[in-house]
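The values are calculated or read from the model by the stated rules, or taken from the named source; none is laboratory data. All figures in this text were calculated on a predicted structure; none of them were measured in a lab. No Cβ is skipped: glycine too gets one built from the backbone with ideal geometry, and neighbour counts run over all protein chains shown.
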Amino acid sequence: MQHIKKSDLLLFGIFLLFAFWLMNKSFGYNASGHAFRIARHQLGDFGLHLSLIRSFSWGNNFPAQLPFFPGRPLPYHYGFDLTVGLLERAGIRIDIALNGLSALAFAVALFYIYRLTGILFGRNVTTGILSVLLFIFHSNLTFVDFIKQNSIGPDLIRRFWYLPDYLNKGPFDGSTISLFFTLNVLLNQRHLIVALATSLGVIVYLLPRLMNKRKIPLTALIGTGLLLGMIFWIHTLIFAANLIVIGLLFIYFHQGKRLAALYVAALLVAFPRIADLLQYRDPDLGYKWLNPGFLAPRPLTVAGFFAYWWQNLGIAPFVLAYAIAIAAPKARKLFWSVVPLFVIANVFQLSYRIDHNHTLINYFLIFTNIFIAYAIIEMWRRNVCMKCASLVLVILLTASGVVDMMAVKNDFQFAVPDAPTDAFMQWIKTSTSPNAVFLSREDTLDPVTLAGRRNYFGATYYGEVMGYPISERRRNATRFFEAKSDTDLHDAKSNNIDYIAIPTHPPANFRYIIDRSVFDTNLTVSYRDDRVTVYRL
């Protein structure tokens, strides 16, 4: 067994402490007040993930369905949410389960980045740590915007330290600089952290054996394939990315014939989900596979494409080119194995929203940062002028990430009541079947789904980005909410709806014209408070 150095344990401990701080900044739980604490920039994604977690811990979402659109298999990769849900079901508080797994995976990912740097370029603590820092403090031109918006003066440090928000949140605020390449994407998508950590672990295991021409045992190939197959349940695109990267690595190192065992094992584990996806795949995707340019401004031009990536990557591509030029041939083989991820993300649309391509780029950038760190350390070793140049490069490559870290540090959290503080949620949890389906208002932080039940026509965004037939479901929901007779209510029941929840004070997005007399005449009230009346079908 390889000896574990004390320095490695210390480094992992530091990574773990940072990871716990980071995860707790974005999500927590007030145990005494029974309320979620959700950071501002995590509200949208956590509406989905908390609902999925609760569907497994408080509900009975087996086989898995989307809590906001029940009735068909869930195409989304829900493996991580299932794991957290089962932990909560076993008695572990939801924030401890979610943040604990996320922090551990994040620390493992950082450590594997550190280790992978050593595998490629020789064990050098400085190069490894710099690779990690370049991953945490990403390169783009946000720091230029910060300088433009803040004049140099005695107040500059205070304004930097208390920066309240990201300066650029593209594509959501119209900015060219994307939020997808910041830590925010990992705080939102905890499953992506787990998928990346697992993938890096596989690369760390395989790469030195391929580089040193060591035969990988058949059992190890099968075991690696089984692990890769599990990633399909955690993150579909990262699974696909691994098939590409690992396949090319085996080919470049003349081990292509040995891929079959690994691929077969991976596909066997992934097959149940693949079957569900194929069963409900719409032949009319609703989007074009060929959609070049990722999120570059439309109409797409060559100049616009390069300008987009200049703003989102800064000087990183130039340093990367130097790194590739000086890297050893074996190290370059890894780079050429990951380049297709960036190409594919910029040529094809792989999901109902092209935004989702970002995961391939996130994965690709991990490896580019390792090469960039190597180039900078090699420059440092040359002479005084190169040392100065390398320091300037580190500042330019990390300045934007440091600015964005202030947005993470200074972000605020919303308190979202949970059961039993929220009486409606407590009633749902204790008085309805774990399989119950409600017809309720559309809400991202939906008390129905946060209590582990399903909303027949819940927040539509989640269904839209997964390709669900939203229009048809909307027509049904309108007919049931605007029921004219018991026939409409009977049809609602035949659609497996158990309860209809009508808000006392309808919000702006509740556009239904309700005739309460139809419900009062034909149904019994199961629950009522000052916010909602629930009728039993």
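Points worth noting:
- Inside the range 100-110, residues that are crowded, with 23+ Cβ neighbours inside 10 Å and of a type outside the set (Gly, Ala, Ser) make up a count of 2.
- The set of residues from the range 322-349 being more than 15 Å from Leu248 (Cβ to Cβ) and in contact with a Ser or Thr (Cβ under 9 Å, 6 or more places away or on another chain) comprises Ala323, Ala345.
- Among the residues listed as Asp145, Asp155, the single one being charged (D, E, K, R), in the same structural domain as Val403 (by TED's automatic domain parsing) and under 29 Å from Phe294 (Cα atoms): Asp145
- Residues in the range 478-515 that are part of a loop (DSSP other than H, G, I, E, B) and over 34 Å from the mean Cα position of the chain (by Cα): Glu482, Ala483, Lys484, Ser485, Thr504, His505, Ile513, Ile514, Asp515.
- Filtered residue count, the range 253-266, keeping only those that are in contact with a Lys or Arg (Cβ under 9 Å, 6 or more places away or on another chain) and either in a helix (DSSP H, G or I) or surrounded by 21 or more Cβ atoms within 10 Å (Cβ to Cβ) (or both): 1
- Residues of the range 507-533 satisfying the condition of being of a type outside the set (A, V, I, L, M, F, W, C), surrounded by 13 or more Cβ atoms within 10 Å (Cβ to Cβ) and either in contact with a strand residue (DSSP E or B) (Cβ under 6 Å, 6 or more places away or on another chain) or farther than 16 Å from Phe438 by Cβ (or both): Asp515, Asn522, Ser526, Tyr527, Thr533
- Among residues of the range 428-462 being in a helix (DSSP H, G or I), surrounded by fewer than 20 Cβ atoms within 10 Å (Cβ to Cβ) and touching a residue at least 40 places away in the same chain (Cβ under 8 Å), the one that is farthest from the chain's Cα centre (by Cα) is Ser431.
- Selection status of Gly247, in a helix (DSSP H, G or I) and either farther than 29 Å from Leu120 by Cα or modelled with pLDDT of 95 or more (or both): yes
- Phe305 being surrounded by 15 or more Cβ atoms within 10 Å (Cβ to Cβ) and under 30 Å from Leu396 (Cα atoms): yes
- Boolean, Arg40 is of a type in the set (Lys, Arg) and modelled with pLDDT of 95 or more: yes
- Listed here are the helices (runs of 4 or more DSSP H) enclosed by the range 63-172 that have at least 2 residues being closer than 19 Å to Phe12 by Cβ: 94-121, 125-136.
- Test: residue in the range 401-421 that is of a type in the set (Ser, Thr, Tyr) and in contact with a Phe, Trp or Tyr (Cβ under 9 Å, 6 or more places away or on another chain): no
- Single condition His490 does not satisfy, out of (1) more than 15 Å from Phe424 (Cβ to Cβ); (2) exposed (fewer than 15 other Cβ atoms within 10 Å of the Cβ); (3) touching a residue at least 12 places away in the same chain (Cβ under 8 Å): (3)
- In the set Ser51, Ser7, only one residue is touching a residue at least 60 places away in the same chain (Cβ under 8 Å), in contact with a Pro (Cβ under 8 Å, 6 or more places away or on another chain), in a helix (DSSP H, G or I) and not aromatic (Phe, Trp, Tyr); that residue is Ser51.
- When each of Leu227, Leu218, Leu207 is tested for being loosely packed, with under 15 Cβ neighbours inside 10 Å and either hydrophobic (A, V, I, L, M, F, W, C) or touching a Leu at 6+ places or on another chain (Cβ under 7 Å) (or both), the lone residue that passes is Leu218.
- Scanning the range 204-239 for residues that are more than 13 Å from the chain's Cα centre (by Cα) and not in a helix (DSSP H, G or I) yields Asn212, Lys213, Arg214, Lys215, Ile216, Pro217.
- Checking each residue in the range 173-203 for being farther than 18 Å from Ile113 by Cα, outside any helix (DSSP H, G or I) and touching a helix residue (DSSP H, G or I) at 6+ places or on another chain (Cβ under 7 Å) picks out Thr176, Ile177, Ser178, Gln189.
- Close pairs (8 angstrom Cβ cut-off, 6 or more residues apart or separate chains): closer than 20 Å to Leu228 by Cβ in the range 79-105, among the charged types (D, E, K, R) and assigned to a helix (DSSP H, G or I) anywhere: Phe80/Arg190; Leu101/Arg190; Ala105/Arg190
To keep it simple, each residue is scored yes or no on (1) in contact with a strand residue (DSSP E or B) (Cβ under 6 Å, 6 or more places away or on another chain); (2) at pLDDT 95 or above; (3) closer than 22 Å to Leu295 by Cα; (4) crowded, with 21+ Cβ neighbours inside 10 Å.
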residue	(1), (2), (3), (4)
Thr176	yes, yes, yes, no
Leu187	no, yes, yes, yes
His191	no, yes, no, yes
Ser199	no, yes, no, yes
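- Residue among Phe232, Phe250 that is in contact (Cβ under 8 Å) with a residue 24 or more places away in the chain, surrounded by fewer than 24 Cβ atoms within 10 Å (Cβ to Cβ) and either at positive phi or touching a helix residue (DSSP H, G or I) at 6+ places or on another chain (Cβ under 6 Å) (or both): Phe250
- Filter result for Pro283 (modelled with pLDDT under 95, part of a loop (DSSP other than H, G, I, E, B) and surrounded by fewer than 16 Cβ atoms within 10 Å (Cβ to Cβ)): yes
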